[in-house]
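Student: The structure that follows is given in the form of structure tokens.
Just so you know, all these numbers are worked out from the coordinates, no wet-lab data involved. All values reported here derive from a predicted model rather than from experimental measurement. Here the Cβ positions follow ideal geometry from the backbone for every residue, glycine too, while neighbour counts run over all protein chains shown.
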Amino acid sequence: MKNININTTITDENINRALRVLEDNGIDTDETEIVLQAIGYALLDTELIEEDEEIEEENDDDMYNNSPEYIHDAAVDWMNEHADFLNDIGQDNFIKRCAEELAEEGYNTEEYYWAVEEAFDDMDWDCPEYDD
């Protein structure tokens, strides 16, 4: 066992980076704060994330919102929520509308439009009128 003395200030930037590292290493997005909080308690005997505190994402250069995998998953969620009007507007308009709405939320769907199209192809559509 090692004894390590640490004398440092942990900033919001450090917390955000640690959350991204946890996610990059397979921890579900909705679990990263819980895992980081547990690490803080175990190693530092401190609360790293206050209960009411929200971690703000850096939108301009944020890998989290700009990764094709994340855009794909967000598109699948959006398509599941809005599947009822697929037949009303058609496949191309449905995909375009999904990309537009995700872009309004800060996702880089312009560069990774293909990830939205791929999400559509990956869906298990149960629409009798929909023809591939």
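Student: Express the Stokes-Einstein translational diffusion coefficient of the range 64-122 in µm² s⁻¹, to the nearest whole number, given a Kirkwood radius over alpha-carbon pairs, 10 °C and a viscosity of 1.306 mPa s.
Tutor: Translational diffusion coefficient: 145 µm²/s.
Student: Follow-up question, since we're still on this one. Exposure proxy check: Y41, Y107, Y112 ranked by fewest other beta carbons within 10 Å?
Tutor: With the fewest neighbours first, Y41, Y107, Y112 line up as Y41, Y112, Y107.
Student: Here's another thing I want to ask about it. Taking the number of other C-beta atoms within 10 Å as the exposure measure, put M79, M123 in order starting with the fewest. Intermediate results must be reported in sequence, preceding the final value.
Tutor: Values: M79 20, M123 16.
Neighbour counts put them in this order, fewest first: M123, M79.
Student: Counting other beta carbons within 10 Å of each Cβ, put T46, T109 in order, fewest first.
Tutor: Details: T46 9, T109 24.
Fewest-to-most Cβ neighbours within 10 Å comes out as T46, T109.
Student: Where Rh is the Kirkwood radius over the Cα pairs of the range 12-56, the temperature 20 °C and the viscosity 1.002 mPa s, what D in µm²/s does Stokes-Einstein return?
Tutor: 203
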